[in-house]
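Undergrad: Right, I'll just put the structure down here and ask away after.
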Amino acid sequence: MKLQVVLPNEDAGADPRRLVELAQQAEALGYDTAWLPDHILPPGAYGPVYGGVLEPLVTMGWLAAATSRIRLGTSVLVLPMRSPFVVAKQVATLHGLSGGRITLGVGIGWDEREFTAVGADFRSRAARTDEGIALLRHLFRVGRGPFEGRWYGFETGVFEPRPDGVVPVMTGGVTDAALRRAARYADVWQGVGLDPAAFGERLAYLRARTDDRTVSPGTRIDWHGPERTVGEAARTAEAFRAAGAEHLAVHFGDPDGYVRRMAAFARATRKPRG
């Protein structure tokens, strides 16, 4: 099971250089992917509920220049708040600049107040997310028109740079609708808020709907250190692996002590079990 890290991007007063240091430390510790959250104009202060002080796609370009191996992704970008044409251009550019290390995680969003604030329609967000993913795939693979959809479309135009390999698309969520979206569109699925037993049940639902497609399953958890021992956290990770998780993303809490907790968790989960 691949270990991943959710970088702390919730403190508006934090030194942005700290994210580079954390990404470099995560890479040195062998973590597979560093994820960044997204909120454009939340109705409350950034913090435990709303992450994404620094815009994630811009920040990923900065982190890509400071690292060489670790993958970078969004967990998750609220696609229906944005033009998918612009997102496609940004992600394809990041793919080239990073040497193919980008995973685009997308979601439909959940806070109607934020949609209202940015002038986006809340009720159509799921349908526009699905169509936006289809448009992204078309631009990456074909690079030309036409593309005809209900929400997005174009007749003529040339899209470049076209990625020289697959840009994995990750979708999150645990509802039936979210899992149907993952089965149809995603390369990666990331659950959230699940214990290992519930993860296994949701994974079975996903696999029953993927036919011959392969969707890499995983989840994310929080481990802030003092609340439980690193041994307990490692046993939780092992339970997720046994339930079928191929990757586990961890948010390690407050930036103070983040590297220490990352290192302790990495050591504990790699110890031989028996």
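The values are calculated or read from the model by the stated rules, or taken from the named source; none is laboratory data. Owing to the predicted nature of the structure, the values given are computational and were not obtained by experimental measurement. Please note: Cβ atoms are built from the backbone with ideal geometry, for glycine as well, and neighbour counts cover all protein chains shown. Surface accessibility is based on the protein's heavy atoms, side chains included, excluding ligands, DNA and RNA. Shrake-Rupley method; radii C 1.70, N 1.55, O 1.52, S 1.80 Å.
Undergrad: Tell me the residue from 87, 49 that is closer than 26 Å to residue 127 by Cα and open to solvent by less than 40 Å² (accessible area, probe 1.4 Å), please. I'd like the intermediate steps shown before the answer.
TA: Values: 49 fails: open to solvent by less than 40 Å² (accessible area, probe 1.4 Å).
Every option except 87 fails the conditions.
Undergrad: As an exercise: evaluate residue 183 against (1) without any contact (Cβ under 8 Å) to a residue 12 or more places away in the chain; (2) under 21 Å from the mean Cα position of the chain (by Cα); (3) open to solvent by less than 80 Å² (accessible area, probe 1.4 Å) and give the number of the one condition it does not meet.
TA: (1)
Undergrad: Checking the structure you have, find out if any residue of region 142-154 is touching a helix residue (DSSP H, G or I) at 6+ places or on another chain (Cβ under 6 Å), open to solvent by 80 Å² or more (accessible area, probe 1.4 Å) and either at pLDDT 95 or above or under 23 Å from residue 77 (Cβ atoms) (or both).
TA: Scanning region 142-154 turns up at least one residue that is touching a helix residue (DSSP H, G or I) at 6+ places or on another chain (Cβ under 6 Å), open to solvent by 80 Å² or more (accessible area, probe 1.4 Å) and either at pLDDT 95 or above or under 23 Å from residue 77 (Cβ atoms) (or both).
Residues checked against (1) among the hydroxyl-bearing types (Ser, Thr, Tyr); (2) touching a Pro at 6+ places or on another chain (Cβ under 9 Å):
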{"site": "101", "(1), (2)": "no, no"}
{"site": "108", "(1), (2)": "no, yes"}
{"site": "111", "(1), (2)": "no, yes"}
{"site": "126", "(1), (2)": "no, yes"}
{"site": "138", "(1), (2)": "no, no"}
{"site": "171", "(1), (2)": "yes, no"}
{"site": "199", "(1), (2)": "no, yes"}
{"site": "205", "(1), (2)": "yes, no"}
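Undergrad: On to the next question. If you scan region 1-20, which residues turn out to be open to solvent by 60 Å² or more (accessible area, probe 1.4 Å), in contact (Cβ under 8 Å) with a residue 12 or more places away in the chain and either in contact with a Cys (Cβ under 7 Å, 6 or more places away or on another chain) or assigned to a helix (DSSP H, G or I) (or both)?
TA: 18, the sole residue that qualifies.
Undergrad: Consider residue 200 carefully, then state whether it is on the phi > 0 side of the Ramachandran plot, buried (at least 16 other Cβ atoms within 10 Å of the Cβ) and of a type outside the set (Asp, Glu). Step through it out loud before you land on a result.
TA: Values: on the phi > 0 side of the Ramachandran plot: no; buried (at least 16 other Cβ atoms within 10 Å of the Cβ): yes; of a type outside the set (Asp, Glu): yes.
It is false that residue 200 is on the phi > 0 side of the Ramachandran plot, buried (at least 16 other Cβ atoms within 10 Å of the Cβ) and of a type outside the set (Asp, Glu).
Undergrad: Out of all the residues in region 28-40, is one or more open to solvent by 40 Å² or more (accessible area, probe 1.4 Å) and assigned to a strand (DSSP E or B)?
TA: No: region 28-40 contains no residue that is open to solvent by 40 Å² or more (accessible area, probe 1.4 Å) and assigned to a strand (DSSP E or B).
Undergrad: Looking only at residues in region 142-174 that are under 17 Å from the mean Cα position of the chain (by Cα) and free of Cβ contacts under 8 Å to residues at least 60 places away in the same chain, which one is farthest from residue 100 (Cα to Cα)?
TA: Looking at residues that are under 17 Å from the mean Cα position of the chain (by Cα) and free of Cβ contacts under 8 Å to residues at least 60 places away in the same chain, I get 174.
Undergrad: May I pose another question? With (1) surrounded by fewer than 21 Cβ atoms within 10 Å (Cβ to Cβ); (2) over 18 Å from the mean Cα position of the chain (by Cα); (3) farther than 22 Å from residue 180 by Cβ as the list, and residue 139 as the residue in question, which single condition is left unmet?
TA: (1)
Undergrad: Please specify each residue of region 136-189 satisfying the condition of being part of a loop (DSSP other than H, G, I, E, B), aromatic (Phe, Trp, Tyr) and farther than 20 Å from residue 105 by Cβ.
TA: Of all residues in region 136-189, those part of a loop (DSSP other than H, G, I, E, B) come to 142-143, 145-146, 149-152, 155-157, 159-168, 173-175, 186-187.
Then drop every residue that is not aromatic (Phe, Trp, Tyr), which leaves 151-152, 159.
Matches in region 136-189: 151, 159.
Undergrad: If we keep just the residues of region 52-84 that are among the charged types (D, E, K, R) and closer than 29 Å to residue 151 by Cα, which is surrounded by the fewest Cβ atoms within 10 Å (Cβ to Cβ)? First the steps, then the outcome.
TA: Start the filter on region 52-84 by keeping residues that are among the charged types (D, E, K, R), which leaves 55, 69, 71, 82.
If we keep only those that are closer than 29 Å to residue 151 by Cα too, we end up with 55, 82.
Working: 55: 15, 82: 18.
Top of the filtered list is 55.
Undergrad: Give the residue that is surrounded by the fewest Cβ atoms within 10 Å (Cβ to Cβ), with candidates limited to residues of region 96-122 that are among the hydroxyl-bearing types (Ser, Thr, Tyr) and in a helix (DSSP H, G or I). Steps first, please.
TA: Step one: of region 96-122, the residues among the hydroxyl-bearing types (Ser, Thr, Tyr) are 98, 103, 116.
When the remaining residues are screened for being in a helix (DSSP H, G or I), the result is 98, 116.
Values: 98: 19, 116: 13.
Among those residues, the one meeting the criterion is 116.
Undergrad: Now for a separate question. Among the candidates 213, 220, 241, single out the residue that is touching a residue at least 12 places away in the same chain (Cβ under 8 Å), over 28 Å from residue 22 (Cβ atoms) and of a type outside the set (A, V, I, L, M, F, W, C). Outline the logic, then answer.
TA: Numbers: 220 fails: over 28 Å from residue 22 (Cβ atoms); 241 fails: over 28 Å from residue 22 (Cβ atoms).
Exactly one residue qualifies, and that residue is 213.
Undergrad: From 257, 231, 244, 218, which residue is over 20 Å from residue 2 (Cβ atoms) and either touching a Leu at 6+ places or on another chain (Cβ under 9 Å) or open to solvent by less than 20 Å² (accessible area, probe 1.4 Å) (or both)? First the steps, then the outcome.
TA: Details: 231 fails: either touching a Leu at 6+ places or on another chain (Cβ under 9 Å) or open to solvent by less than 20 Å² (accessible area, probe 1.4 Å) (or both); 244 fails: over 20 Å from residue 2 (Cβ atoms); 218 fails: over 20 Å from residue 2 (Cβ atoms).
On inspection, the qualifying residue turns out to be 257.
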